[in-house]
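As structure tokens, the structure follows; a few thoughts come after it.
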2 protein chains.
Amino acid sequence: MTDFLPPIQTTARDDAVLKALAGFVRQEALGPGGKLPTERILAERLKVSRNTVREALTRWEGLGLVERRQGSGTYLKAAVSPDMLHMPLTLAGGNDFAGLMSTLEIRRALEAEAAALCAIRAGKAELAEIERKLDLMEEAFQTRAGMSSDEDWEFHQAIFRASGNPLFEQIIAAMYELFHRFWEHPLGVRDFGHASFPYHRTIFNCIAARDPDGARAEALKLIATVEDDLKRGAANLKLSDRR
Amino acid sequence: MTDFLPPIQTTARDDAVLKALAGFVRQEALGPGGKLPTERILAERLKVSRNTVREALTRWEGLGLVERRQGSGTYLKAAVSPDMLHMPLTLAGGNDFAGLMSTLEIRRALEAEAAALCAIRAGKAELAEIERKLDLMEEAFQTRAGMSSDEDWEFHQAIFRASGNPLFEQIIAAMYELFHRFWEHPLGVRDFGHASFPYHRTIFNCIAARDPDGARAEALKLIATVEDDLKRGAANLKLSDRR
DNA sequence: TGCAGAAATTGGTTGGACCATTGAACCACT
DNA sequence: AGTGGTTCAATGGTCCAACCAATTTCTGCA
């Protein structure tokens with residue numbers, strides 16, 4: 001399994017380690033979920049210390065390329081190729097109400113564009129997948145009386161994925177935690193998210209009808225309802241306590 | 001069965017280090033360029049191994065938050081606060097045409113939304129600033145026969161800034177380098193960007209008229225012309241030679 | 001005063017050790 | 001057959017004590 005791992009020679013050790021690893025991944029045709037060699041094996045094969053290997057892997061972990069599971073191993077989380085463009089974005093501010101509204105505006109921008117692109121590009125398989133997620137969401141909505149946040153999220157994710165542009169999903173995934181924290185804490189608004197419910201179906205209809213402008217418009221309406229809910233929630237309980 | 005069992009939260013050493021470090025930065029009011037304590041000091045003060053400190057710093061270095069200079073020290077490269085949103089974006093094969101189109105689609109999403117928000121929120125001062133940038137751009141366009149990329153960029157930046165949401169400017173600034181690389185290399189299309197010229201004025205008019213939907217539509221048209229230019233360029237010179 | 005060289009500082013790397021978690025194999029009992 | 005417990009090897013996580021390499025600071029001589 002680990003036959004293709006030539007030793008390292010240049011300076012900038014950990015970068016060299018990453019390059020070698022990227023080559024290894026390509027050589028072995030490893031995809032997401034694939035398991036890469038243990039740190040001890042890598043250290044031995046590449047003729048570097050295990051600490052150096054760890055620093056390199058820490059970099060990849062920070063970029064979301066790799067996941068380490070103690071006792072199990074290190075696994076790929078995304079496709080990696082030797083020539084990749086890394087664009088680490090760190091955005092200031094974000095835990096207060098204004099920060100949430102800011103991220104929601106970003107989400108509105110991306111959601112609208114992704115829906116439009118999806119209406120143009122989605123293949124039959126992607127379309128079916130989106131509809132499946134939509135059905136699941138609607139069923140959960142009926143059954144659990146409105147608590148369908150997970151299924152809701154998966155529906156949107158399917159759209160982002162079908163947009164044909166991986167950046168959408170990556171950006172939105174980074175923001176997920178932030179949205180979710182509030183989503184699970186409905187701010188005292190009992191029917192939080194209810195208003196957005198019908199728009200999921202209308203968005204899908206526009207996508208299925210290959211109507212990008214319509215899909216964009218419906219996505220905008222959906223986010224608008226979420227914004228309204230959030231504003232109502234903020235009015236209900238005073239959110240002066242940051243954190 | 002109640003499947004409501006929250007995932008357990010175990011201690012994460014290096015994350016704790018980063019949190020402590022973020023607190024330290026805030027405490028000392030360190031800004032970009034500031035020098036933070038040496039690894040040995042940190043290890044001693046935080047009662048962790050120097051290795052752990054290094055792994056934590058490696059993460060921050062990967063995110064572009066920090067720069068290490070051997071023999072000198074570790075310095076801040078950006079403002080850091082305890083609550084930050086990290087968004088590591090990786091684009092497979094970032095140098096090819098598809099990658100550029102992907103980023104352009106993100107830009108279209110943000111540009112449209114920012115223009116709409118701008119039409120709602122921009123104050124008189126922001127409006128005047130945008131118009132000033134627009135005048136500068138049009139003048140440069142006339143004088144230098146179409147080469148107005150810098151002024152063009154500043155116009156868009158002014159809109160992002162006036163949107164009232166700092167995330168727009170931050171995201172787009174991080175992608176600037178990527179756009180610019182191609183912008184400066186017009187791919188053999190001599191009148192690259194000419195088609196987009198009139199839309200700058202129409203966008204501004206919509207913003208000044210407080211017409212968010214109109215501004216959004218005009219922004220979409222503008223990016224569409226840029227996309228067309230790019231596609232023409234890609235057709236002209238074969239971009240099959242990666243890197 | 002000016003500057004070359006020594007010394008101290010600091011990040012980079014190494015090797016080895018031990019801990020904590022995981023997962024598989026195995027076993028006892030029902 | 002299945003359930004639960006135990007053992008054990010593999011693997012990532014942490015620690016330590018050095019040493020290397022680049023940089024900065026200090027020192028002493030001209």
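Assorted remarks:
- Test: residue in segment B:129-145 that is facing chain A (nearest Cβ under 9 Å), more than 16 Å from DNA strand C (Cβ to nearest atom) and within 23 Å of B:Gln170 (Cα to Cα): no
- Of all the residues in segment B:98-110, those that are more than 7 Å from chain A (Cβ to nearest Cβ), in contact with a Leu (Cβ under 8 Å, 6 or more places away or on another chain) and over 16 Å from B:Trp153 (Cα atoms) number 2.
- Subset of segment A:36-60 (residues that are touching a helix residue (DSSP H, G or I) at 6+ places or on another chain (Cβ under 8 Å) and among the basic types (Lys, Arg)): A:Arg40, A:Arg50, A:Arg54, A:Arg59
- The set of residues in segment A:111-128 being surrounded by 21 or more Cβ atoms within 10 Å (Cβ to Cβ), of a type outside the set (Gly, Ala, Ser) and either more than 7 Å from every other protein chain (Cβ to nearest Cβ) or under 11 Å from B:Leu167 (Cβ atoms) (or both) consists of A:Glu111, A:Cys118.
- Condition check for B:Gln27 on (1) within 10 Å of another protein chain (Cβ to nearest Cβ); (2) of a type in the set (S, T, N, Q); (3) more than 16 Å from DNA strand D (Cβ to nearest atom); (4) over 30 Å from B:Glu218 (Cβ atoms): one failure, at (1).
- Of A:Asp96, A:Asp150, all but one fail to be over 17 Å from the mean Cα position of the chain (by Cα), at pLDDT below 85 and acidic (Asp, Glu); the exception is A:Asp96.
- If you go through segment A:23-56 and keep only what is more than 11 Å from DNA strand C (Cβ to nearest atom) and free of Cβ contacts under 8 Å to residues at least 24 places away in the same chain, you end up with A:Phe24, A:Gln27, A:Ala29.
- Number of positions in segment A:187-220 that are basic (Lys, Arg) and either touching a Gly at 6+ places or on another chain (Cβ under 8 Å) or at pLDDT below 90 (or both): 1
- Meets criteria (modelled with pLDDT of 90 or more and touching a Lys or Arg at 6+ places or on another chain (Cβ under 8 Å)) for A:Ile223: yes
- Residue within segment A:77-96 that is over 24 Å from A:Asp229 (Cα atoms) and within 16 Å of DNA strand C (Cβ to nearest atom) present: yes
- Cβ-Cβ under 7 Å pairs, at least 6 apart or on other chains, segment A:65-79 side within 11 Å of A:Val25 (Cβ to Cβ), far side near DNA strand D (Cβ under 6 Å from one of its atoms) and among the polar types (S, T, N, Q): A:Val66/A:Thr74
Here is a yes/no grid of residues against (1) within 11 Å of chain A (Cβ to nearest Cβ); (2) surrounded by fewer than 16 Cβ atoms within 10 Å (Cβ to Cβ); (3) modelled with pLDDT of 95 or more:
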{"site": "B:Arg50", "(1), (2), (3)": "yes, yes, yes"}
{"site": "B:Arg54", "(1), (2), (3)": "yes, no, yes"}
{"site": "B:Leu57", "(1), (2), (3)": "yes, no, yes"}
{"site": "B:Gly62", "(1), (2), (3)": "yes, no, no"}
{"site": "B:Leu65", "(1), (2), (3)": "yes, no, no"}
{"site": "B:Gly71", "(1), (2), (3)": "no, yes, no"}
{"site": "B:Thr74", "(1), (2), (3)": "no, no, yes"}
{"site": "B:Val80", "(1), (2), (3)": "yes, no, no"}
{"site": "B:Asp83", "(1), (2), (3)": "yes, yes, no"}
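The values are calculated or read from the model by the stated rules, or taken from the named source; none is laboratory data. As the structure is a prediction and not an experimental result, all values here were calculated from the model. With ideal geometry, Cβ positions are generated from the backbone for all residues, glycine too; neighbour counts draw on all protein chains shown.
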